[in-house]
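The values are calculated or read from the model by the stated rules, or taken from the named source; none is laboratory data. Just so it is clear, the model here is predicted, and its values are computed rather than measured. Neighbour counts run over all protein chains shown; Cβ positions are idealised from the backbone, glycine included. Surface accessibility is based on the protein's heavy atoms, side chains included, excluding ligands, DNA and RNA. Shrake-Rupley method; radii C 1.70, N 1.55, O 1.52, S 1.80 Å.
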Amino acid sequence: MTVTKKTGTAVVVLAILVGGIGKISPHLFMSLPFPLSIILWVSTGNEMPPYFTPDAWKEDEIDTWSKDDDLVVATGAKSGTTWMLYCTHQIRTKGTDTDDTLYPDTSITTPWLDLKQSRKGTWSEQKERYNTTIVYGKMMKDFWDHPSYPFRIFKSHYGPPELPVRKKGGKKIKYMAMVRNGIDVAASLTSFYSAHTEEFRALWGGFPPVIPGEVTGGDGPPAAVKDILPGGPWSDCYFGYVKKWWPYRNDPNVILMHYSDVRKDLKGYVAKIAKFLEVDLNKEELKTVTERCSIQHMKKVNKFNYKMPLSQDKGKWDVNNDHILSSGSIIKKGEIGTGASIFSDKVAALWKKAEEDEFGHDPALLKWAREGGKFPDV
């Protein structure tokens, strides 16, 4: 056999081996250095990011664990998810959990069911541990399924059809979605990549990578922007997300909001959300809840580092001390217009064209995605 044939045979064998690992044990790729870990993960057909799974939301599964009136906070990535999780908790407790006794960490009180908390993690093997795991000396279930709650809250970054919003029959679940100006999402993602702890990054093959802050000022788009532009690995987290939720804006079990509208009128939106959730707030309760939903208050609380108490990766993850995000990194200023202020004109123009290409078929959608405001058909 010639050297060329031997090399060709070796390449074929290697490709078959890699493909087999990708289908049967893709978690093994996460032991490799970045970016090889992610290249092999993606090239063998696995979902990005590697720690996401939609299995909890499948139509034949969701009714096995959900209850009537459950709320799924499915806001877009970097579009106020943690803000809305904490705010809806304030609404359901009417602001009475003043010491945040029931809110030791976002992941514990408002579970993120999309998240694989172990490399080999699956929804089916994590599902029961939500009920049996002990945290802070109590059953974790006592935090997310407390008997005093009028409804439970879960986090997701998926949209329809992964979320069965119009499922016929079964449990009556409510969904909250929120869109943010896209270039502001890109700006927030740029720092968010680097906000992940080294422990979490090591667990997932070096992903997400650290992005130097100075790249935002150049003429070319930084890595985080490239990732969510059309064709990028995270494009569905923004462009796909907006297009998925837009047709559901008037569904009775959906509240679709724009980040800028909520920032401009927090009190009005607390009242609107409470009405959607069928929670009656009197004047004093509305005032208290609005204050506790403010960015200023949340910065003082700092209970948003996202622990993974269900992890089975002993030696790689300390369930008591490790967390996904660096302390204090998730609650920023949350200002409107950040992207326009930090990116170059060339990057802004590139983003504008992408918006027009993706949303231009519907001028009302294009305008709303950028600015918010009333829906065109209301």
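With respect to the conditions (1) of a type outside the set (A, V, I, L, M); (2) open to solvent by less than 30 Å² (accessible area, probe 1.4 Å); (3) not in a loop (DSSP other than H, G, I, E, B), residue 317 lacks only one, and its number is (3).
Which of the residues spanning segment 334-378 are basic (Lys, Arg) and outside any helix (DSSP H, G or I)? Passing the criteria: only 374.
Just checking, does segment 92-103 include any residue being outside any loop (DSSP other than H, G, I, E, B) and either in contact with a Cys (Cβ under 8 Å, 6 or more places away or on another chain) or at pLDDT 95 or above (or both)? Yes, segment 92-103 has at least one match. Looking only at residues in segment 98-116 that are buried (at least 18 other Cβ atoms within 10 Å of the Cβ) and of a type in the set (D, E, K, R), the one that is nearest to residue 76 (Cα to Cα) is 114.
Could you please find all residues in segment 122-163 being outside any helix (DSSP H, G or I), touching a residue at least 60 places away in the same chain (Cβ under 8 Å), more than 19 Å from the chain's Cα centre (by Cα) and loosely packed, with under 15 Cβ neighbours inside 10 Å? Across segment 122-163, the qualifying residue is only 150. Among the residues making up segment 273-305, a single one is in contact with a Gly (Cβ under 7 Å, 6 or more places away or on another chain), charged (D, E, K, R) and either free of Cβ contacts under 8 Å to residues at least 24 places away in the same chain or within 21 Å of residue 107 (Cα to Cα) (or both): 292.
Yes/no per residue for (1) surrounded by 20 or more Cβ atoms within 10 Å (Cβ to Cβ); (2) within 30 Å of residue 93 (Cβ to Cβ):
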| site | (1), (2) |
| --- | --- |
| 223 | no, no |
| 233 | no, no |
| 284 | no, yes |
| 289 | yes, yes |
| 292 | yes, yes |
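Among the residues of segment 170-183, not a single one is open to solvent by 30 Å² or more (accessible area, probe 1.4 Å), under 26 Å from residue 246 (Cβ atoms) and assigned to a helix (DSSP H, G or I).
Being of a type in the set (A, V, I, L, M) and either modelled with pLDDT of 95 or more or open to solvent by less than 20 Å² (accessible area, probe 1.4 Å) (or both) is the filter here; which residues of segment 40-71 pass it? Answer for segment 40-71, where residues must be of a type in the set (A, V, I, L, M) and either modelled with pLDDT of 95 or more or open to solvent by less than 20 Å² (accessible area, probe 1.4 Å) (or both): 40, 56, 62, 71. Checked against (1) in contact with a Pro (Cβ under 9 Å, 6 or more places away or on another chain); (2) within 18 Å of residue 82 (Cβ to Cβ), residue 177 passes all but condition (1).
For segment 72-84, the criterion of a residue being at pLDDT below 95, closer than 22 Å to residue 282 by Cα and polar (S, T, N, Q) is satisfied by no position.
Each row is one residue, and each column tells you yes or no for (1) among the small types (Gly, Ala, Ser); (2) more than 30 Å from residue 125 (Cα to Cα).
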{"residue": "270", "(1), (2)": "no, yes"}
{"residue": "303", "(1), (2)": "no, no"}
{"residue": "324", "(1), (2)": "no, no"}
{"residue": "340", "(1), (2)": "yes, yes"}
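Scanning segment 334-349 for residues that are over 25 Å from the mean Cα position of the chain (by Cα) and either surrounded by 13 or more Cβ atoms within 10 Å (Cβ to Cβ) or hydrophobic (A, V, I, L, M, F, W, C) (or both) yields 344, 349. With the structure loaded, tell me whether residue 259 is closer than 17 Å to residue 78 by Cβ and hydroxyl-bearing (Ser, Thr, Tyr) or whether it fails that test. Yes; evaluated as a whole, the condition is true for this residue. Under the condition of being in contact with a Cys (Cβ under 9 Å, 6 or more places away or on another chain) and closer than 20 Å to residue 83 by Cβ, the residues counted in segment 225-261 number 1.
Inspect segment 249-268 for any residue being under 14 Å from residue 178 (Cβ atoms), in contact with a strand residue (DSSP E or B) (Cβ under 9 Å, 6 or more places away or on another chain), outside any helix (DSSP H, G or I) and basic (Lys, Arg) and give the result as yes or no. The answer is yes; a qualifying residue exists. Screening 192, 207 for residues that are in a helix (DSSP H, G or I) and either touching a Pro at 6+ places or on another chain (Cβ under 7 Å) or under 30 Å from residue 25 (Cα atoms) (or both) leaves exactly one candidate, 192. Considering each residue of segment 89-97 in turn, at least one proves to be within 22 Å of residue 299 (Cβ to Cβ), open to solvent by less than 30 Å² (accessible area, probe 1.4 Å) and without any contact (Cβ under 8 Å) to a residue 24 or more places away in the chain. The set of residues in segment 235-250 that are open to solvent by 30 Å² or more (accessible area, probe 1.4 Å) and at pLDDT 95 or above comprises 243, 244, 247, 248, 249, 250.
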